[in-house]
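Chemist: Here you go, one structure.
The values are calculated or read from the model by the stated rules, or taken from the named source; none is laboratory data. Remember, predicted model here, so these are calculated numbers, not experimental data. Don't worry about glycine lacking a Cβ; one is built from the backbone with ideal geometry, like all the others, and counts go over all protein chains shown.
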Amino acid sequence: MRVVLSLLLLLWCNCAFAQSSQCRTSPVGTTTAYCASEAFVTQSAAAAGNVTGPSSSTTGHVATFADTTGKVIQDGGAVPAGTLTEQKDTASVGISTSGNCDNTSTNSSSPCDHHLALNNAVLQASPGNPTGTTSASMMGLGTTCKVTPVYSGRVKIEFYGQQFNSTATDASISSIRWGTGTAPSNPSSLSGTQVGAAIAITQPTGSGGFGLPLANSGIITGLTPGTAYWFDIGLTASGGGTATVANLSCNAMEF
């Protein structure tokens with residue numbers, strides 16, 4: 001009988017020892033021991049770094065910080081009603097606006113809108129036939145052929161018409177020139193800034209005074225919006241005779 005009791009006591013001690021060896025301190029900041037065989041852990045204190053706040057919340061409210069620790073939040077109240085006030089908006093040259101584009105209006109019903117103005121400067125003109133030259137001269141077209149850029153400062157210029165020399169086998173040389181201020185008159189010395197290549201036409205044998213096609217163009221960049229620019233033809237008679245341009249069309253387009 002004593003032997004049986006001793007065996008039972010030994011078995012109970014081993015079981016208790018095994019059970020206690022599985023128990024360990026909770027890793028969540030408490031000293032409560034628990035065993036691996038248990039299916040739950042009771043957390044009795046907040047872990048370090050956790051954010052705390054009210055015990056309840058209100059639908060539609062926002063949370064805000066209650067102090068400078070970054071760990072305490074509070075009820076920040078309801079989200080403000082949605083109206084928008086924009087800063088004053090001054091559009092660039094060539095850009096138009098519509099709607100409320102100031103810093104005092106709420107724009108929920110009429111927001112500020114930007115769009116390309118499409119008011120670029122253009123010109124299509126047909127100046128009268130200028131007097132020819134026996135040397136080198138401006139043709140005096142700048143009072144008709146002129147343009148004032150609106151926004152970009154980039155302009156394409158075109159001249160179409162006829163160019164010729166009164167004497168066969170002699171040549172005429174034309175170039176597009178441009179500038180600001182008072183346009184040069186006819187006749188006057190070559191002036192302004194040349195754009196594009198010069199067009200040289202040698203009059204064929206037996207065709208003195210016969211008009212030959214003229215087509216010349218150039219792109220000018222770096223112009224100042226709001227400033228007026230003239231453009232003209234500088235013409236030179238080469239080898240003799242009288243150089244002439246006629247039936248002209250001058251075109252300009254800002255882009």
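Chemist: Here is a list of conditions, (1) of a type in the set (Phe, Trp, Tyr); (2) modelled with pLDDT of 95 or more; (3) more than 17 Å from Gly234 (Cβ to Cβ), and Phe164 meets all of them except one; can you say which number that is?
Modeler: If we test Phe164 against (1) of a type in the set (Phe, Trp, Tyr); (2) modelled with pLDDT of 95 or more; (3) more than 17 Å from Gly234 (Cβ to Cβ), just (3) comes out false.
Chemist: Something else now. Mind checking whether some residue in segment 137-160 is farther than 23 Å from Tyr229 by Cα and either surrounded by 20 or more Cβ atoms within 10 Å (Cβ to Cβ) or in contact with a Leu (Cβ under 8 Å, 6 or more places away or on another chain) (or both)? Don't jump to the end; show me each part of the working.
Modeler: So in segment 137-160, the residues farther than 23 Å from Tyr229 by Cα come out as none.
No: zero hits.
Chemist: Another question about this same structure. Does Ser217 fit the bill of being over 41 Å from the mean Cα position of the chain (by Cα) and hydroxyl-bearing (Ser, Thr, Tyr)? Give the derivation first.
Modeler: On the way: over 41 Å from the mean Cα position of the chain (by Cα): no; hydroxyl-bearing (Ser, Thr, Tyr): yes.
No.
Chemist: On the basis of being of a type outside the set (Phe, Trp, Tyr), in contact with a Gly (Cβ under 9 Å, 6 or more places away or on another chain) and assigned by TED's automatic domain parsing to the domain that holds Val155, does Thr205 make the cut?
Modeler: Working: of a type outside the set (Phe, Trp, Tyr): yes; in contact with a Gly (Cβ under 9 Å, 6 or more places away or on another chain): no; assigned by TED's automatic domain parsing to the domain that holds Val155: yes.
So Thr205 does not fit the description; no.
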